[in-house]
Amino acid sequence: MSKKVLIVDDSIYMRSLVRSALEEAGYEIAGEAKDGESAIDLAMETQPDLITLDNILPDMMGFEVLKVLRDEGLESKVIMISAVGQQTVINKGKELGASDYIVKPFTSESLVEVVNKVFA
Amino acid sequence: MKILYDLPIRIKFAVVLIPLIVIIICFDYLQIRHNYLDYNDSERLNITLKLGVEINQAVHELQKERSIAIGYTSSEGIKFLEELKKQRSISDAALNKFYTELGKPETSEVTIRHNDELKLLQSKFESLKGIRGKIDKRSLQSSQILNYYSEINNIALNTVDLLINETRDKEIAQQVHALIYFLKAKEEASIERAIGTQALSSKEMNDELYSAFTSLVAKEQSYIDAFLVIADAESQGSYSREISGHDVEEVDRLRNIIHLRTTFDVEPSYWYDMTTSKINSLKKVEDQISERLLSRTVDLSSSAFRKFWSFVIVDIVIGAMAMWLMSIIVSNLLANVKTLEKFTLRISQGDWSSKVSIPTKDEIGQYAKTFNVMVDEINASHDILRKERDKAKFLYHNIYRVSMLVFKNIHQGIFLLDRNFKMSKLYSKAMEKIFGVNKIAGENFSNFMRPLIIPRDLEALEMFMRHLFNEDMDEDVVNQLNPIEQVKIFNEINGVVTTKYIRVNFTRIWGKNRIVNVMVTVSDETESVLLQKHLEEAEKQKKQETEQVLSILKIDPSVIRGFLYNSKKTLKSISERYESDKESDLKMLLDFTFQTIHSLKANAVVIGLEIMSEKFHSIEETIEKLKAKEVTGKDFLTVLYEIDDADKMIDDMNSMLRKVADVYRKYPSGGSVASNIMLVDSLERSVKVLSDKMDKPVDFFFKNEENLVLSGEQVEQCKDIMLQLIRNSIKHGIEDREVRLKQGKLLRGNINVELEHPKKNTLQIVYKDDGKGLDVSEIKDKAVKKGLITDYEAKKMTDKKAVNLIFENGFSTSDKVDEHAGRGQGMSLVKSLIEELKAKFKMDYEAGKYFKLVISLPFKDDAGKIEENEAIDS
């Protein structure tokens, strides 16, 4: 059974980039969220195996979303997606239980590699 | 650690200061270097930024050219032909500007490290010609064009990244990164434009292109996100200000249409214009960022430059001041320390005269003051010590040395006794001389004296010393007990025992209420004792001599001479007899000696020579003692000794007599007068002595009315004559008192001697006594007895002739030999003496009345008188 992935990113192009890359790699896309609130709702609803969580969202920061999800008891794996130079954010995510991270911009291959590693 | 402690102060300073100075210099160097590097860095960044701007400009134009070329190819050469030509010239201009900038000397200096990259970039730029040719021939597909241009742009942007990504300033580095992200975003946007243009031109979009488009946009947005995260507020401001408005919104709208892929009902030129407008806006933002970076690098470089120089200047000034202060303080400190050191060195060499002068008020100054105080005090105590020393020297020279000199030279032995009767270490040199020993110091005094004095005295001495140290006893009282105040000691020097008389006195020396010592003085009185003895003897001798002289002076010299002559002869005869008659009876010999000495004694008595009569008397007594016991040969030795002594006396008297005679000879003229006086005196004395002996009181009268003086020779002879006459008168002529009283004569007989001058050249001596005169029958009897005449001749002889018999040799009227009657000389001697004087004599007598003898001497009138005058004058 393929793993379910929830994609959280405010940019539609990024969401479609990630979706196409993961679908090609054989993952099931549980859903896409463009902001924190919808991401939380969708995550609780779909209970995905993995969440690719962009750090910069219109309503809240990615690690805040992660905190809420962990507080709610969600145990999905999380890959933080961050722009260059946000090492502090990455560290925070790791503290909150993020499995790995990836820095934007990234290629489809590198993304799949990270995701595979998380599930390995 | 100890090595550090032992270092001299200046080295210690060096040890502390030099590392400090080195550290400060290193720090300064780093600071200066840092500032210099900052300056250098910003300068270089400025240059590379300028170059980067030109590359970016070229990239910007090539991006446009790429889009136009793709549009041109996609439209099958229908569209964008004009735009392509126009854009190519613009691109070339931008490339030329890049080459110009690259050719600048300062640029080539800075970019030397990136030569490889720049060369690659140049070769890529040059490959443009071929690409353009292929585009013109339309032999390239759109995707190929995209790839060619994108490769060029990629290399260009990487080169920019390398060129500018080399600053040490974090803030600038961050902004440089922001710019690079921005440039990458812009490149993606440019590709998006190209793909969009292609898709809209061909009115279709396959999956590959779609995916590339989506990825491009996502990438672009990611880069923009990164840019916005790290860009500063101004860049963000520029971005939000420039990237807004209609054209930007249109690009978003058109992009969504492309993304939906449902309809491509959009004019590609419109897309191109809108995206170009947006890209131009992006370019504006980029330019603004570049501008700001450039100005910031300029600011940075100038501030670094300013900092560098101000630091250098401040450093030099502060460093110089610090060095100046340090050198002043350290040199002052060192100088002070040196001064102190010199001072202490001087003091250690004994120079106390100077003071140390350190004017500073720090600890060293205080030390110096303290030193001065100390030196003053030491000097003061030095002075005191010197004075004490001088005093001691003075005392030594004036007291101790003198005492020592005294001790060395004094003839008295001096030492001290302590309470244990030990003798002091110091004692006068005379001690050794007196006692003949060197072992004196520390000896016990009684042990010392033990061999020298008799045990009884030693015992007394020990008791006496105990009393000496008894404070309760009076010193004067104790000193009366001194058993060795004057003592005879016997000491042995080189085996010879000598006797000394020493006097030892003790004087107490008091401490506080206590007798500490007793001073003992020892004087050698041997010489004085001996001298005293000697004196006593000399006194005796002198007395004897005086007596001898007196005797000689009293008695007629000729009498003495005769006596001495006879005595010596007699004594000699005794000695001779002793020698020849050794075998004979000792008793007889003794008797003979006694008689002889006795007669000599009688002679001495007669002439009044008491000293000799006493001597002979003592011999008589010695013999008397011998008579009482059994006589041995030995016993005669004492007698002989005494006789010898008497002989010596006779010799002495002879020499004395000669001396007197010498005196007479010296004064021959005056001698006569004296002799005359002495003659009278001697006669008078003879009368007195004889009359006393015979117990016949006789008075002697001498008459010389004319003061006649006999010559020296005459005096001698006359004296002998007179003495003989006087002896005869007293012995034979003058009767005993009873007879005289019977005959009615005066009890006292008298003898008259008168000097007369009856005629010229004649001097008459008249001798007359008032005795019984001559007894003719007695004379005749004696003469018969002596065998001078026979009985017959005696009867026949006239009275006148008979009396002349008395002048015969061998006639002696006395039977008994005694000291007064001489040795049978008598009138015969008188006669011969008168004859010697060439004088005449006439005898007269009246039996029972008187005896008279008149001697007529030749006489020189004048001479006698002159002599008298001279004698009176002298």
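The values are calculated or read from the model by the stated rules, or taken from the named source; none is laboratory data. This is a predicted model, so every value here is computed, not measured. In this analysis, Cβ positions are derived from the backbone assuming ideal geometry, glycine residues included, and neighbour counts consider all displayed protein chains. Accessible surface is based on the protein model in full, side chains and every heavy atom, while ligands, DNA and RNA are left aside. Shrake-Rupley method; radii C 1.70, N 1.55, O 1.52, S 1.80 Å.
Hey, what's the range B:32-313 come to in accessible area per residue, 1.4 Å probe, Å²?
Values: 12390 Å² over 282 residues.
On a per-residue basis, 44 Å².
The residues of the range B:206-230 occluded by other protein chains by 40 Å² or more of accessible area, set against the chain on its own, are B:214, B:218, B:221, B:222, B:225, B:229; surface from heavy atoms, 1.4 Å probe.
Which of the chymotrypsin sites (Phe, Trp or Tyr not before Pro) found in the range B:328-416 are loop residues per DSSP with 14 or fewer other Cβ atoms within 10 Å of their Cβ? Don't skip to the answer; put the middle values down first.
On the way: sites: B:343, B:352, B:367, B:371, B:394, B:396, B:400, B:407, B:415; in loops: B:352.
Answer by residue number: B:352.
Restricting attention to the range B:410-524, the count of lysine pairs at 8 or more positions apart or across chains with alpha carbons under 26 Å apart stands at 18. For the range A:4-110, the solvent-accessible area with a 1.4 angstrom probe is 43 square angstrom per residue.
Net charge in the neighbourhood of residue B:839 (other residues with Cβ under 12 Å of its Cβ; Lys, Arg +1, Asp, Glu -1) is +1. Name the shape class, rounded, prolate or oblate, that the alpha-carbon gyration tensor gives for the protein assembly as shown, where a ≥ b ≥ c are the square roots of its eigenvalues, rounded holds for a/c under 1.5, and otherwise prolate holds if a/b is larger than b/c and oblate otherwise. Note, shape of the protein assembly as shown comes out prolate. Anything losing 20 Å² or more of accessible area from the isolated chain to the full protein assembly: pick those residues out of the range A:1-45, probe 1.4 Å, ligands and DNA/RNA ignored. Hits at the 20 Å² cut-off: A:11, A:12, A:13, A:14, A:16, A:17.
Could you give the length gained by full extension between residue B:790 and residue B:472, i.e. 0.36 nm per residue of separation minus their alpha carbon distance, to one decimal place?
Values: separation 318, 0.36 × 318 = 114.48 nm, distance 10.23 nm.
Separation in residues times 0.36 nm, less the Cα-Cα distance, equals 104.3 nm.
Restricting the trypsin sites (Lys or Arg not before Pro) of the range B:355-390 to loop positions (DSSP other than H, G, I, E, B) with no more than 15 neighbouring Cβ atoms within 10 Å leaves B:355, B:361.
Here the relative contact order of chain B, from alpha carbon pairs under 8 Å that lie six or more residues apart, stands at 7 percent. Along the charge dipole of the range B:32-313, which of B:120, B:285, B:165 sits closest to the positive end, that is, farthest toward it, with unit charges on the beta carbon of Lys, Arg, Asp and Glu (+1, +1, -1, -1)? Checked the options; the winner is B:120. Per the accessible-area calculation with a 1.4 Å probe, the total area buried between chain B and chain A rounds to 1300 Å². Assuming charge only on the beta carbon of Lys and Arg (+1) and of Asp and Glu (-1), the dipole of the range A:4-110 about its Cα centre is about 340 debye to the nearest 20. Heavy-atom surface analysis with a 1.4 Å probe gives the protein assembly as shown a carbon and sulfur content of 54 percent of its accessible area.
Rounded to the nearest 5, what is the percent of antiparallel bridges among the DSSP beta bridges in the protein assembly as shown?
Working: 46 of 70 bridges.
Of all bridge pairs located within the protein assembly as shown, approximately 65 percent are antiparallel.
Hey, which of these cross-link pairs are over 29 Å Cα-Cα: B:572/B:842; A:92/A:117; A:92/B:278; B:731/B:840?
Details: B:572/B:842 39 Å; A:92/A:117 20 Å; A:92/B:278 36 Å; B:731/B:840 25 Å.
Among B:572/B:842; A:92/A:117; A:92/B:278; B:731/B:840, the Cα-Cα distance tops 29 Å for B:572/B:842; A:92/B:278.
Residue B:588 contributes an accessible area of around 120 Å² to the protein surface, as traced by a 1.4 Å probe with all chains present. A Förster distance of 51 Å, applied to the separation of the beta-carbon atoms of residue A:46 and residue B:96, puts the FRET efficiency at 0.30.
Could you do me a favour and compute the accessible area per residue for the range B:410-524, 1.4 Å probe, result in Å²? Please report the intermediate quantities before stating the final value.
Numbers: 6440 Å² over 115 residues.
Accessible area per residue, the range B:410-524: 56 Å².
Karplus-based coupling profile of the range B:713-721, in residue order and whole Hz: 5, 5, 4, 4, 5, 5, 4, 4, 4, with θ = phi - 60° in 6.51 cos²θ - 1.76 cosθ + 1.60 and x standing for Gly or Pro.
Once you reduce the range B:464-528 and the range B:164-195 to the center of their Cα atoms, the two points are 136 Å from each other.
Rounded to the nearest 0.05, what FRET efficiency do residue B:553 and residue B:399 give with R0 = 51 Å and r taken as the Cβ-Cβ distance? Could you check? It would help to have the intermediate numbers written out before the result.
Values: r = 62 Å, r/R0 = 1.21.
Taking R0 as 51 Å, the efficiency between residue B:553 and residue B:399 is 0.25.
For the protein assembly as shown, a simple Cβ point-charge model (Lys and Arg +1, Asp and Glu -1, everything else neutral) yields a dipole of about 6360 debye relative to the Cα centre. Taking 30 Å as the limit for the C-alpha separation, the pairs B:696/B:780; B:795/B:831; A:3/B:219; B:342/B:391; A:34/A:77; B:693/B:782 exceed it in the case of B:342/B:391. Of all lysines in the structure, the ones whose alpha carbon falls short of 30 Å from that of residue B:137, not counting any fewer than 8 places away in one chain, are B:64, B:79, B:85, B:86, B:97, B:119, B:124, B:129, B:186, B:203.
Based on the Cβ-Cβ distance from residue B:348 to residue B:5, what FRET efficiency comes out when R0 is 25 Å, to the nearest 0.05? Efficiency computed from Cβ-Cβ geometry: 0.70. The stretch between residue B:641 and residue B:585 holds 18.1 nm of extra length on full extension. This uses 0.36 nm per residue minus the Cα-Cα distance.
Each label was represented as a point 7 Å from its Cα along the Cα-to-Cβ direction; for residue B:240 and residue B:420 these points are 12.2 nm apart. Applying a DSSP loop filter and a limit of 12 other Cβ atoms within 10 Å to the trypsin sites (Lys or Arg not before Pro) in the range B:697-762 leaves B:759, B:760.
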